[in-house]
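Inspection log for the structure reproduced underneath, given as structure tokens.
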Amino acid sequence: MSLLFALALGVLTSTGVWLLLRPRTFDVLLGVTLLAYAVNVYIFAMGRLTPGAPPIISKDTAATLLTHADPLPQALVLTAIVISFAMTALLAVIAIRSAHANKSEHVDADDSELPR
Amino acid sequence: MNHWVVLAVVLPLLSGSLLILLGERNIVWQRALNLLSCAALLALSVHLLILADSGEISVYLLGNWLPNIGISLVLDRLSALMVGLTALLGLVGALFSCGGSDLRARWFHALWQFQLMGLCGAFLTADLFNLFVFFEVLLISSYGLLLHGAHKTQLKRGFHYVTFNLVGSCLFLIAVATLYGMLGTLSMADLAYRIAGTTDADAPFVKAAGLLLLVVFAIKAALLPLYFWLPRTYAAAPAAVAILFALMTKVGVYSILRVYPLLFGDSAGLLQDLALPVLLPVGLLTLLLGAVGAFAARRLRSMIGYLVVASAGTMLLLASFDTALTLGAALYYMVHSTLAVALLFALADLIKNGRGEASDSLIALAALDRPAVLGTAFFVAAMAAAAMPPLSGFLAKALLLQAIAFQDAGIIAWVMILISGLLIILALVRAGSHLFWRTPKPPAAATPSAAQRFEWAAVSVLLIALVALSVLAAPVVNYTQVAGAQLKQPDQMVLTVLKSRPVERAP
């Protein structure tokens with residue numbers, strides 16, 4: 001599972017970075033989104049991958065990290081998801097407004113540099 | 001637990017929310033509430049400064065959790081100083097915006113309060129993830145403030161600024177998550193304690209995370225390879241916002257000063273002095289580049305933007321010498337340069353509005369309204385920014401040259417600081433002569449409108465603050481020196497935080 005996780009992370013990050021370097025605002029927006037996904041998954045993984053273990057301590061099992069999933073990264077990732085979601089939404093609004101005001105989808109508002 | 005500490009975050013949060021509830025109809029109420037809240041924050045920050053100056057480190061445990069599990073706010077001399085600066089610039093910028101620029105934005109005053117909340121929170125928190133959250137709070141309000149009016153160029157620059165900072169946030173999260181994965185905590189005090197005991201196997205990962213954090217803070221501080229966004233963004237920002245943005249790069253510098261002596265300082269074992277070898281060359285080059293950029297700038301406001309870059313470079317150059325003396329000098333310089341740059345931004349806006357078509361361009365010759373008053377004010381501000389006597393700039397530069405005089409790389413730093421100082425003087429002289437010297441006669445002597453009174457009030461407050469900083473240099477320097485010494489001995493803070501216990505309550 002770790003290998004699968006790492007591969008997914010790698011694919012997400014590299015696509016995100018590639019899109020981020022494109023000249024069109026829409027591509028940049030998608031790139032930021034993918035990068036944010038990759039980061040969120042990474043935060044989640046930093047609590048170690050423990051399948052089938054609950055994050056809340058119960059009376060029956062010993063309160064160690066061997067029998068439980070670490071709840072803190074889950075709380076962190078929740079915050080990070082909300083923030084990155086809001087920021088991406090804001091970026092989308094700015095991209096749309098900029099496209100209207102500058103009559104261009106290029107990040108520098110210069111259409112001649114856009115690939116056909 | 002000292003509840004005054006958390007008030008610096010709660011006060012702007014409450015007044016910001018209240019401003020949203022009040023709605024947008026009555027601008028007078030909004031302005032009054034914003035100014036009142038800023039004044040209250042300033043009074044509170046004076047109280048916090050006195051509290052911190054007693055040498056006591058105040059810890060506030062949010063939600064009454066144990067310090068290594070929950071989030072704690074810590075007030076020491078450095079954070080009290082930063083909160084004080086925030087409150088002062090917040091008040092000045094709010095005053096300036098009352099001149100009419102706040103009418104162009106929706107929710108300007110509410111965003112202003114949220115911006116102050118983010119700044120105060122970032123300066124007070126002692127938890128890395130919480131630092132990230134406050135960074136986002138201050139960033140998202142700064143997007144709103146920066147884009148207000150939604151002008152063409154603002155949107156274009158705004159898109160760059162937001163994307164750049166979003167990628168910065170992603171890197172911040174990667175660094176924070178790696179630190180948590182390796183060490184199992186995010187409280188700075190606990191991290192300092194655990195980093196000291198890192199094993200050989202873990203050290204490379206912690207090192208990678210530490211250096212990644214440095215990249216993030218360098219983005220905020222606009223250090224050398226990552227400074228491109230700053231001069232253009234600041235030149236596109238409305239003046240009141242630019243005044244507050246004089247502090248925004250200092251957030252990055254503050255984070256470096258807070259995190260590196262604490263987590264990777266003298267007692268960090270394998271990872272001791274992680275950032276120092278990087279800071280010296282980066283600081284030197286950033287300083288030089290800021291000076292060259294200021295010299296080459298074609299518009300007044302982007303020139304001031306480059307002065308911001310140069311001042312961040314100077315501070316990190318000083319931080320790289322890593323002694324209590326240089327850190328103290330860096331802090332005094334930070335207070336001075338923030339005020340001087342804020343004053344220049346305020347004057348640049350008044351000059352721009354008085355020049356008609358020519359705006360703040362340094363090439364075109366144009367008539368200027370009220371050249372005598374503006375010229376005198378600009379002259380004083382430029383003297384301060386160029387480090388000429390008798391103002392605080394001279395004292396700051398003398399202090400920092402003295403502090404690094406007998407260090408290893410001191411001679412290179414001396415040469416670089418003096419050369420860039422000369423370039424900055426030349427740049428300011430050039431700007432002054434273009435703006436004031438060879439101007440055609442103004443058509444008619446304009447009387448200041450009621451709106452401009454607010455703007456001149458803001459300028460006067462900044463001028464008084466600069467003069468006060470020069471006249472009261474002795475107590476301020478004493479304070480910053482002790483603050484520098486406190487940074488170099490983080491043990492006191494680590495122990496105070498880790499030993500603090502939640503308040504017990506009867507069930």
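The values are calculated or read from the model by the stated rules, or taken from the named source; none is laboratory data. Fair warning: this is a prediction, and the values are worked out from it, not measured in the lab. Here the Cβ positions follow ideal geometry from the backbone for every residue, glycine too, while neighbour counts run over all protein chains shown.
Observations, loosely collected:
- Selection count where residues are assigned to a helix (DSSP H, G or I), more than 9 Å from chain A (Cβ to nearest Cβ) and among the aliphatic types (A, V, I, L, M), scope the range B:180-205: 7
- Subset of the range A:33-48 that is more than 8 Å from chain B (Cβ to nearest Cβ) and of a type in the set (F, W, Y) - its residue that is farthest from A:L91 (Cα to Cα): A:F44
- Every listed requirement among (1) outside any loop (DSSP other than H, G, I, E, B); (2) exposed (fewer than 14 other Cβ atoms within 10 Å of the Cβ); (3) touching a residue at least 12 places away in the same chain (Cβ under 8 Å) is met by A:A92 save one, (2).
- Here B:G121 clears all of (1) of a type outside the set (F, W, Y); (2) in contact with a strand residue (DSSP E or B) (Cβ under 9 Å, 6 or more places away or on another chain); (3) within 12 Å of chain A (Cβ to nearest Cβ) except the condition numbered (3).
- Qualifying residue in the range B:39-56 (condition: touching a residue at least 24 places away in the same chain (Cβ under 8 Å), over 25 Å from B:L462 (Cβ atoms), surrounded by fewer than 21 Cβ atoms within 10 Å (Cβ to Cβ) and in contact with a strand residue (DSSP E or B) (Cβ under 7 Å, 6 or more places away or on another chain)): yes
- If you filter the range A:1-58 down to residues that are part of a loop (DSSP other than H, G, I, E, B) and among the polar types (S, T, N, Q), you find that the one that is nearest to the chain's Cα centre (by Cα) is A:T50.
- Residue count for the range B:140-156 satisfying the condition of being more than 8 Å from every other protein chain (Cβ to nearest Cβ) and assigned to a helix (DSSP H, G or I): 7.
- Any chance B:F159 is modelled with pLDDT of 85 or more and more than 10 Å from every other protein chain (Cβ to nearest Cβ): no
So that you can scan it fast, the table gives a plain yes or no per residue for (1) without any contact (Cβ under 8 Å) to a residue 12 or more places away in the chain; (2) surrounded by 17 or more Cβ atoms within 10 Å (Cβ to Cβ); (3) within 27 Å of B:L139 (Cα to Cα); (4) facing chain B (nearest Cβ under 8 Å):
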| position | (1), (2), (3), (4) |
| --- | --- |
| A:L29 | no, yes, yes, no |
| A:T50 | no, no, no, no |
| A:D60 | yes, no, no, no |
| A:A63 | yes, no, no, no |
| A:A75 | yes, no, yes, no |
| A:I83 | yes, yes, yes, yes |
| A:A86 | yes, no, yes, yes |
| A:I96 | yes, no, yes, no |
| A:N102 | yes, yes, yes, yes |
